[in-house]
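The structure under discussion appears below in the form of structure tokens.
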Amino acid sequence: MAGQQVDCALDLMRRLPPQDIDKNLSDLIDLVPHLVDELLSSIDQPLKVAKDPKKNKDYLLCDYNRDGDSYRSPWSNEFFPPIEDGNAPSDRMRKLEEQANDAFDVYREQYFDGGISSCYFWDEEHGGFSGAILIKKTGDLKNKFRSSWDSIHVIEAHEKGAGRNAHYKLISTVMLWLQNTREGSGQMDLGGSLSRQVEKDLPVTADMFSHIVNIGGMVERMENNIRGILETVYFGRTLTVLNDMRSLVDLESKKAHDKLNQ
């Protein structure tokens, strides 16, 4: 019974606007409080932003950099609010984390022209390592057109073949929403989320930066793929429905045009 309730809850959340996930998730937990752990661990939420007072830089909050009520900044490697004995990465993972943050800072500027990115890495108990690459960009055009893009990429890597190759597993989720509130056209909300997974074997060298190169390529291809799907599913289908509801040209001309294209 509990498993069926979780499946129904997840299916419901997938159909609700991503900009209202926090409120909808809170209401859902009130309805089925015994499922709180399963819901919180299974439902991706829009990324929140905090500022590192030591480095004066923004960073993104998620479960992967949280310890209790504090969050670790990828820039200073310190928790805010400060705590003692916080769950920090090993020296090896911290070096990889610093390289990833520098690399994805450049990637973010190239593809998003703004926004915020944060990367977190940690060792796995049975060998290998995992990481989270987070990117967020919000837009607000004169308080009339609001938008948000949140991408969460979770990577797992295991070296094999005497360290000459590594197996990567990437799970990516993108949440996108657009809101138009212009007086002339009324209010319109459009949004959704999409998750995809890919696994790949790639060569590595003794230099840990080769992992960043491999992960960066996988994330780049995944985001391009997801963006294309979002454009086709959400915008392409919206245009198709609009054209079916009311054509810009008279139906006789439209039928003649469609016949020529057959």
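A short reminder: the numbers here are calculations on the coordinates, not readings from a lab. Source: prediction; values computed, not measured. Because the Cβ atoms are built from the backbone with ideal geometry, glycine has one as well, and the counts that use them run over all protein chains shown.
Quick test of the membrane-span-like rule: which DSSP H helices of the chain reach at least 20 Å along their long axis (C-alpha atoms) with mean Kyte hydropathy at least -0.5? Could the numbers behind the result be given before it?
Values: long enough: 91-112 (30 Å, -1.47); 209-230 (31 Å, 0.23).
Membrane-span-like by this rule: 209-230.
Need the list of aspartates and glutamates near LYS95 for cross-linking: C-alpha distance under 15 angstrom, and skip anything on the same chain fewer than eight residues off.
Once the sequence-local aspartates and glutamates are set aside, what remains near LYS95 is GLU78, ASP123, ASP207.
With equal scatterers on the alpha carbons only and no solvent term, can you work out the Debye log10 of I(q)/I(0) for segment 14-141 at 0.09, 0.12 1/Å?
-0.31, -0.55
Report the local net charge at SER130: Lys and Arg +1, Asp and Glu -1, summed over other residues whose C-beta lies under 11 Å from its C-beta. Numbers along the way, then the final one.
On the way: positive: LYS169; negative: ASP123, GLU124, GLU125, GLU156.
Once positives and negatives cancel, what remains is -3.
Test of understanding: express the Cα radius of gyration of the chain as a ratio to 2.2 N^0.38 Å, with N the residue count. Please report the intermediate quantities before stating the final value.
Numbers: Rg = 21.7 Å, N = 262, 2.2 N^0.38 = 18.3 Å.
Its radius of gyration relative to the 2.2 N^0.38 Å reference: 1.19.
Within segment 209-246, what residues put their amide N at less than 20 Å from the label point 7 Å along the Cα-to-Cβ vector of ASN165?
Inside the label zone: 209-219.
Once you list every other residue whose beta carbon is under 10 Å from the beta carbon of VAL49, what net charge do they have if Lys and Arg are +1 and Asp and Glu are -1?
Net charge in that neighbourhood comes out at +2.
Can you tell which of ILE83, VAL32, ASN261 lies farthest toward the positive end of the dipole of the chain, using +1 and -1 charges on the Cβ of basic and acidic side chains (Lys, Arg; Asp, Glu)?
Farthest along the dipole direction, towards plus: ASN261.
Identify, among VAL198, MET245, ILE171, the residue whose Cα sits farthest towards the positive end of the charge dipole of the chain, taking +1 on the Cβ of Lys and Arg and -1 on the Cβ of Asp and Glu, with the dipole about the Cα centre.
Going by the Cα projections, it comes out as MET245.
Order 90-96, 101-107, 116-122, 210-216 from most to least packed using the mean count of other Cβ atoms within 10 Å. Write out the running numbers ahead of the final one.
Numbers: 90-96: 14.6, 101-107: 16.3, 116-122: 24.4, 210-216: 18.9.
Output ranking for 90-96, 101-107, 116-122, 210-216: 116-122, 210-216, 101-107, 90-96.
Taking N as the number of residues in segment 62-216, what value does Rg over Cα atoms divided by 2.2 N^0.38 Å take? If you can, show how the numbers build up before the last one.
Values: Rg = 18.2 Å, N = 155, 2.2 N^0.38 = 15.0 Å.
Cα Rg divided by the expected 2.2 N^0.38 Å: 1.22.
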